[in-house]
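The values are calculated or read from the model by the stated rules, or taken from the named source; none is laboratory data. All values reported here derive from a predicted model rather than from experimental measurement. Cβ atoms come from the backbone with ideal geometry, glycine included; neighbour counts cover every protein chain shown. For accessibility, only protein heavy atoms count, side chains too; no ligands or nucleic acids. Shrake-Rupley method; radii C 1.70, N 1.55, O 1.52, S 1.80 Å.
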Amino acid sequence: MQFILYNMKNLKTPKLTIVGAGPGDVDLITIKAVKALQSADVVLYDALVNEELLKYAPNAELVFVGKRFGCHAYSQDQINELIVVMAKKHGHVVRLKGGDPFVFGRGSEEIEYAQQFGLETAIVPGISSALGVPAANGISLTQRSISESFWVITGTTSDHKLSKDVSLASQSSATVVILMGMHKLDEIVALYQENRTDDLPIAIIQNGTTTKEKKVIGTISSIAALVKDQQIASPAIIVIGEVVRNTSKLTAYFQEENQEDEFIFQNLDFSSII
């Protein structure tokens, strides 16, 4: 009888916590996210997650589940099933996703699936790359007298086509941030050439906020050549709008004034600029 009671006391409640890992820099994860990782029995992590964050889960079983263009260790259905199996077997499962899990992260789908099987669920938001990467590079998505709003759009839909919202956004004066859009760059450029102007500023930032960050800043007419020349590729975000023009001026200034311009610009604290 005592043996049975002992085992019942040590049974863990099956639980899923969806955690946003932020845009890449390990210091941009939240304290709440770190606490979730520390209490995890299993961590299922994506390809866009900085693996240095896994040190916060020293007692957890770590499972790489992919989820990136051209990199799918598991399908979404398999991940959903794995969450339930692991939670019922081990207890607390943390699903660690790059950026914010509710910004093109399919976090809501995984929560809904887990709840169907009676799992306790929780959500820890993260800093989306759509917000964090431009900010880290001195690009203000909204700016008085320049941009009153911004769009965040997926560049590739579930049927592998360019989102129709890009066409709508290209007809507005809003800042537009496109995620997962590098494979559709030619289509995006064509839409902006049709609906806006060739000299509209555009920035593309690869591996934003990490030590592997690369970026190019140009115009709609020049960006394709710049991307090819600098070998910019996924994962990257695309930022289009007049707000980028101010960043271009800052870049030009530091290139003229500093020999180590690229390093200084990328590590500049823009909060000190008035």
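Going by the structure shown, is I238 free of Cβ contacts under 8 Å to residues at least 40 places away in the same chain, surrounded by 21 or more Cβ atoms within 10 Å (Cβ to Cβ), in contact with a helix residue (DSSP H, G or I) (Cβ under 8 Å, 6 or more places away or on another chain) and assigned by the TED database to the domain that holds T156?
no
Quick check on this structure: which one of I217, I223, I204, I188 is open to solvent by 30 Å² or more (accessible area, probe 1.4 Å) and at negative phi?
Every option except I217 fails the conditions.
Where residues in the stretch 74-95 are out of contact with any Lys or Arg (no Cβ under 8 Å at 6 or more places or on another chain) and among the hydrophobic types (A, V, I, L, M, F, W, C), which of them is farthest from E120 (Cα to Cα)?
Looking at residues that are out of contact with any Lys or Arg (no Cβ under 8 Å at 6 or more places or on another chain) and among the hydrophobic types (A, V, I, L, M, F, W, C), I get L82.
Going through G98, G107 one at a time, which residue ends up being assigned by the TED database to the domain that holds G22, open to solvent by 20 Å² or more (accessible area, probe 1.4 Å) and closer than 26 Å to V177 by Cα?
So the residue among G98, G107 that is assigned by the TED database to the domain that holds G22, open to solvent by 20 Å² or more (accessible area, probe 1.4 Å) and closer than 26 Å to V177 by Cα is G98.
Scan S158, S145, S149 and give me the residue that is among the hydroxyl-bearing types (S, T, Y), over 20 Å from V49 (Cα atoms), surrounded by fewer than 19 Cβ atoms within 10 Å (Cβ to Cβ) and at pLDDT 95 or above.
Result: S149 is the single residue among S158, S145, S149 that is among the hydroxyl-bearing types (S, T, Y), over 20 Å from V49 (Cα atoms), surrounded by fewer than 19 Cβ atoms within 10 Å (Cβ to Cβ) and at pLDDT 95 or above.
Which fully enclosed helices (runs of 4 or more DSSP H) of the stretch 28-124 have 2 or more residues being touching a Pro at 6+ places or on another chain (Cβ under 6 Å) and not aromatic (F, W, Y)?
Result: 76-90.
If I go through the stretch 192-217 residue by residue, how many of them are basic (K, R) and outside any loop (DSSP other than H, G, I, E, B)?
Counting residues in the stretch 192-217 that are basic (K, R) and outside any loop (DSSP other than H, G, I, E, B) gives 2.
Which one is nearest to the chain's Cα centre (by Cα), of the residues in the stretch 19-42 that are open to solvent by 50 Å² or more (accessible area, probe 1.4 Å) and aliphatic (A, V, I, L, M)?
L28
Evaluate the following for V166: is it assigned to a helix (DSSP H, G or I), under 30 Å from L37 (Cβ atoms) and open to solvent by less than 10 Å² (accessible area, probe 1.4 Å)?
For V166, the condition - assigned to a helix (DSSP H, G or I), under 30 Å from L37 (Cβ atoms) and open to solvent by less than 10 Å² (accessible area, probe 1.4 Å) - is not met.
When the stretch 88-125 is examined, which residues are found to be within 17 Å of the chain's Cα centre (by Cα), among the charged types (D, E, K, R) and within 19 Å of V42 (Cβ to Cβ)?
Matches in the stretch 88-125: R95, K97, R106.
Please specify each residue of the stretch 110-130 satisfying the condition of being open to solvent by 60 Å² or more (accessible area, probe 1.4 Å) and among the acidic types (D, E).
Passing the criteria: E112, E120.
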